[in-house]
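Heads up: the structure comes next, in structure tokens.
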Amino acid sequence: METEDRRCAVGAWVLVAVASRHGATLEIGEAVARVLRARGNAVDVRAVEDVTDIVAYDAVVVGSAVYTAHWLPAARELVAEHRDALTTRPVWFFSSGLATQPAAAANSPHELAALATSVGARGHRSFRGRLDRSVLSFTERAIIAGARGRDGDHRDFLAIERWAGEVADALADERASV
């Protein structure tokens with residue numbers, strides 16, 4: 001009954017599930033959630049490892065950090081485990097990766113097209129991330145060195161908020177057409 005009341009009181013009940021190793025991608029998910037909430041939606045932000053069920057949600061946004069050109073395993077596993085439920089609701093993906101490479105090229109994980117197709121995702125957006133070599137493994141540091149990554153926070157929160165606004169618009173349009 002609580003879910004029913006929550007749905008009636010707001011636009012949509014949205015899950016923002018995020019795979020983040022060092023917190024930067026989670027902060028992107030929280031920024032997405034703030035915009036969705038400001039636009040009249042109820043939003044839960046959860047680490048992908050903490051998501052046990054998505055059936056109660058009207059829509060889902062899944063985000064992952066990108067390491068060595070892949071989404072984190074937990075994000076891929078979430079999509080695979082909940083594939084059937086995800087295909088019955090609006091889904092969007094976002095990625096956060098190499099801070100100094102063009103977002104579309106650096107943050108396009110190899111498996112993402114197949115994941116998006118498998119659940120009918122309505123879109124994917126890549127964002128530049130935050131790079132702090134001191135928290136990376138030796139292998140990750142070597143890859144970043146080869147890619148000439150620069151330390152620092154390169155996230156563009158205005159771009160993130162614009163994209164979240166597009167998601168909110170799509171949710172509102174869908175609810176208006178019901």
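Observations on the structure shown:
- Residues that are in contact with a Lys or Arg (Cβ under 7 Å, 6 or more places away or on another chain), surrounded by 15 or more Cβ atoms within 10 Å (Cβ to Cβ), closer than 21 Å to residue 65 by Cβ and at pLDDT 65 or above, drawn from region 127-178: 127, 128, 129, 130, 131, 154, 155, 163
- The set of residues in region 15-26 that are surrounded by 19 or more Cβ atoms within 10 Å (Cβ to Cβ) and either in contact with a helix residue (DSSP H, G or I) (Cβ under 8 Å, 6 or more places away or on another chain) or over 18 Å from residue 89 (Cα atoms) (or both) comprises 16, 17, 18, 19, 20, 24, 25, 26.
- Verdict on residue 106 being modelled with pLDDT of 80 or more and not charged (D, E, K, R): no
Per-residue answers, yes or no, for (1) modelled with pLDDT of 95 or more; (2) not aliphatic (A, V, I, L, M):
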{"site": "2", "(1), (2)": "no, yes"}
{"site": "14", "(1), (2)": "yes, no"}
{"site": "20", "(1), (2)": "no, yes"}
{"site": "34", "(1), (2)": "yes, yes"}
{"site": "39", "(1), (2)": "yes, yes"}
{"site": "50", "(1), (2)": "yes, yes"}
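- In region 12-32, residue farthest from residue 58 (Cα to Cα) [restricted to those that are of a type in the set (A, V, I, L, M, F, W, C) and part of a helix (DSSP H, G or I)]: 24
Matching residues to (1) without any contact (Cβ under 8 Å) to a residue 12 or more places away in the chain; (2) closer than 16 Å to residue 167 by Cβ; (3) not acidic (Asp, Glu):
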residue	(1), (2), (3)
23	yes, no, yes
28	no, yes, yes
55	no, no, yes
66	no, no, yes
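- Of the candidates 112, 98, the single residue that is crowded, with 21+ Cβ neighbours inside 10 Å, touching a strand residue (DSSP E or B) at 6+ places or on another chain (Cβ under 8 Å) and either of a type in the set (Phe, Trp, Tyr) or modelled with pLDDT under 75 (or both) is 98.
- When region 50-67 is filtered for residues that are closer than 21 Å to residue 173 by Cα and assigned to a strand (DSSP E or B), the ones remaining, listed by number, are 59, 60, 61, 62.
The values are calculated or read from the model by the stated rules, or taken from the named source; none is laboratory data. Since this is a predicted model, take the numbers as computed values, not measurements. Cβ: placed from backbone, ideal geometry, glycine included. Neighbour counts: every protein chain shown.
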